[in-house]
């Protein structure tokens, strides 16, 4: 009922303005042009009256709609009245609807992004709490057992202290990786770019994890014999960290008795691509888009058994992107995975 009354008020005011205008024009015509008024004069006055009436109605309609929409912007908290421009409001309902619709779509997208960020934040905090809780409770449990008297037995004491030490190592690893992630996302990485032989760096990583690979009977190998050094540009320490994370992952999740193969190929005129492939269990397609997220694990229980902070691949992605390079992943469930990243060729 309220809307009808407002419409009536608008129509009444517009009718009053036009009536007053018509009376004024008729009065002036009668006083000054009555005797000499011909058909041409009447037509001219008609055109003038039509034009003036059109502009009055148009202005009144735009003003009426603008006031109504402005009230909506003031009443709805998510809308900012400063975003409303009077020039955008017209009696063209289709155009007006489109403008409002576009604004609503923008706000919807903004709300969706904020909701996604909030969900990610809650997941991240939950994951951090869970990752820290497991080793903390482990360490606490062994120490309390020792304090309650188990420490008197030398064999039990040594075994429990060793297990508690492993829990502390895992806590240290998680905290260090969290600290690195925080620095990567806030300060960025300060890169020490230099020229180095990528093959030599790969061999260093192979030597470092040779024993770990042997325990699972996994062969660390190159795809072919390389006769000459392959020189690249990058931060040696950071790229070594990338290779360590990717090689260790391939050992953890590779097939027992399988292999980890590293290859270096020409990607284009200016870049090499370094590939780390295994013939392990592979990754299902639904997991691949989220694999570089912090703490994301394909298999929660098995991943924790294997150790690690759950931040390795996220750190790898940050380091490669800090080099302005690309990291890629191809995987087929049951057949294996291939992680690869590009590096600039040394000139």
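The values are calculated or read from the model by the stated rules, or taken from the named source; none is laboratory data. These figures come from a predicted structure and were not determined experimentally. Backbone-built Cβ (ideal geometry, glycine too); neighbour counts: all protein chains shown.
Miscellaneous remarks
- The one condition in (1) crowded, with 16+ Cβ neighbours inside 10 Å; (2) more than 28 Å from residue 293 (Cβ to Cβ) that residue 247 fails to fulfil: (2)
- When each of 239, 320 is tested for being in a helix (DSSP H, G or I), more than 22 Å from residue 218 (Cα to Cα), modelled with pLDDT of 90 or more and in contact with a strand residue (DSSP E or B) (Cβ under 6 Å, 6 or more places away or on another chain), the lone residue that passes is 320.
- Any hit, segment 261-269, residues being within 16 Å of residue 317 (Cα to Cα), buried (at least 18 other Cβ atoms within 10 Å of the Cβ) and under 35 Å from the mean Cα position of the chain (by Cα): no
- Test: residue in segment 145-154 that is touching a helix residue (DSSP H, G or I) at 6+ places or on another chain (Cβ under 8 Å) and surrounded by fewer than 14 Cβ atoms within 10 Å (Cβ to Cβ): no
- Residue that is modelled with pLDDT under 75 and assigned to a helix (DSSP H, G or I), where the choices are 122, 157, 163: 122
- Odd one out for residue 280 among (1) within 16 Å of residue 331 (Cβ to Cβ); (2) modelled with pLDDT of 90 or more: (2)
- Residue within segment 208-217 that is under 27 Å from the mean Cα position of the chain (by Cα) and farther than 21 Å from residue 343 by Cβ present: no
- Within segment 191-214, being outside any helix (DSSP H, G or I) and over 20 Å from residue 277 (Cβ atoms) holds for 191, 192, 193, 194, 195, 196, 197.
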